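Please read the structure below before turning to the comments.
The values are calculated or read from the model by the stated rules, or taken from the named source; none is laboratory data. Predicted, not measured: the structure shown is a model, and the values here were computed from it. Note: ideal-geometry Cβ built from the backbone for every residue, glycine included; neighbour counts use all protein chains shown.
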Amino acid sequence: AQDTMLYLDGVSVAFDGFKAINNLSIIVHPAEMLAIIGPNGAGKTTMMDIITGKTRPDAGEVMFDGRTDLTKLDEAAIANLGIGRKFQKPTVFESHTVWDNLELALRKPRTIFHTLFYTPSSENTDRITEILGTVRLLHRKGDLAADLSHGQKQWLEIGMLLAQDPKLLLVDEPVAGMTDSETEETAKLLRNIAQTRSVVVVEHDMSFVRELGSRVVCLAEGSVLAEGTLEQVSANPVVIERYLGR
Ligand code: ADP
């Protein structure tokens, strides 16, 4: 449908007979943030791996932008469609400046050669300035990425993903290890990004999920256990018993 950015329809995958994802159906709308919560082993990472093509499901469809079945594509093709994934650990180029990290991220195609034998370019100056503004790092543009705080490295990496202009951004536990104020800033940052792009955040820090203020899906045993606002999901008796009340 037109108003669907991502639609997982009856997706299942088993590892050695164990169903990690079991008939999972999830919709993500354009310019919507969705938080995925659930206990360890619920299938959150596997779900992200299926969307990005790292894991191929045994059954079901993953429709992107109303027309492309991602289960037929490999990881590179899926990334090229406009799906960016932010893993938990930041992977920025520590020995380059904040500015040059973004400059590298904007190059197409980008190769290891560009990183090792970096020569600055004055292309993309406006775009870099805009993205650094979005991720609140303009004041650190001349500093080495190595000198950023943990939170700032995470924001820089989000900026590097924005450089690819994704329609869908997948974010895995972005605030692990962040200070309270960094966590708050990250919620603002992601809410801002979700005004124009779809964002899926896997998270188990409930106070952060509350700050995101987005729709929430709670997974358990590879299926949707509950969905709605955080208030609705956390009032669900099954969720309380299986997850929150631990
Ligand atoms: P979550 O991210 O919610 O903690 P995962 O998606 O990592 O959950 O894991 C879901 C279940 O699938 C777990 O029981 C895990 O042990 C199992 N699993 C995940 N990946 C593999 C794999 N490659 N091989 C075997 N089992 C796996």
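A few remarks follow.
- On inspection, PRO120 passes the criterion of being at pLDDT below 95, away from the ligand (no atom under 16 Å from the Cβ) and loosely packed, with under 13 Cβ neighbours inside 10 Å.
- Among the residues making up the range 65-80, a single one is under 19 Å from HIS29 (Cβ atoms) and among the small types (Gly, Ala, Ser): GLY66.
- First in the range 34-55 and basic (Lys, Arg), second anywhere and more than 6 Å from the ligand (Cβ to nearest atom), Cβ under 7 Å, 6 or more apart: LYS44/ILE36; LYS44/VAL202; LYS44/LEU219; LYS54/GLU75
- Applying the criterion of being small (Gly, Ala, Ser) and not in a strand (DSSP E or B) to the residues of the range 51-83, the residue that is surrounded by the most Cβ atoms within 10 Å (Cβ to Cβ) is GLY53.
Conditions tested, residue by residue: (1) in contact with a helix residue (DSSP H, G or I) (Cβ under 7 Å, 6 or more places away or on another chain); (2) at pLDDT below 95; (3) closer than 30 Å to MET206 by Cβ; (4) β-branched (Val, Ile, Thr).
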site: PRO90; (1), (2), (3), (4): yes, yes, yes, no
site: THR115; (1), (2), (3), (4): yes, yes, no, yes
site: ASP143; (1), (2), (3), (4): yes, no, no, no
site: GLY177; (1), (2), (3), (4): yes, yes, yes, no
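- Among the candidates GLY53, GLY66, GLY60, the residue that is modelled with pLDDT under 95 and more than 13 Å from the ligand (Cβ to nearest atom) is uniquely GLY66.
- Hits in the range 7-32 - residues which are within 12 Å of the ligand (Cβ to nearest atom) and not polar (S, T, N, Q): VAL13, ALA14, PHE15, ASP16, GLY17, PHE18, LYS19, ALA20, ILE21, LEU24
- Tally of residues being among the β-branched types (Val, Ile, Thr) and touching a Lys or Arg at 6+ places or on another chain (Cβ under 7 Å) across the range 69-82: 1
- Here MET48 meets each of (1) within 13 Å of the ligand (Cβ to nearest atom); (2) assigned to a loop (DSSP other than H, G, I, E, B) with one exception, condition (2).
- Filtered residues of the range 211-232 (kept if out of contact with any Asp or Glu (no Cβ under 9 Å at 6 or more places or on another chain) and surrounded by fewer than 21 Cβ atoms within 10 Å (Cβ to Cβ)): GLY213, ALA220, GLU221, SER223, VAL224, LEU225, GLU227, GLY228, THR229, LEU230, GLU231, GLN232
- Restricting the first member to the range 223-236 and to residues that are assigned by TED's automatic domain parsing to the domain that holds ILE36, and the second to residues that are basic (Lys, Arg) and surrounded by fewer than 17 Cβ atoms within 10 Å (Cβ to Cβ), the beta-carbon pairs closer than 7 Å and six or more apart or on different chains are LEU230/ARG210.
- For ASN40: the one exception among (1) under 20 Å from the mean Cα position of the chain (by Cα); (2) modelled with pLDDT of 95 or more; (3) within 16 Å of the ligand (Cβ to nearest atom): (2)
- VAL171 vs. criteria buried (at least 21 other Cβ atoms within 10 Å of the Cβ), under 14 Å from the mean Cα position of the chain (by Cα) and in a strand (DSSP E or B): yes
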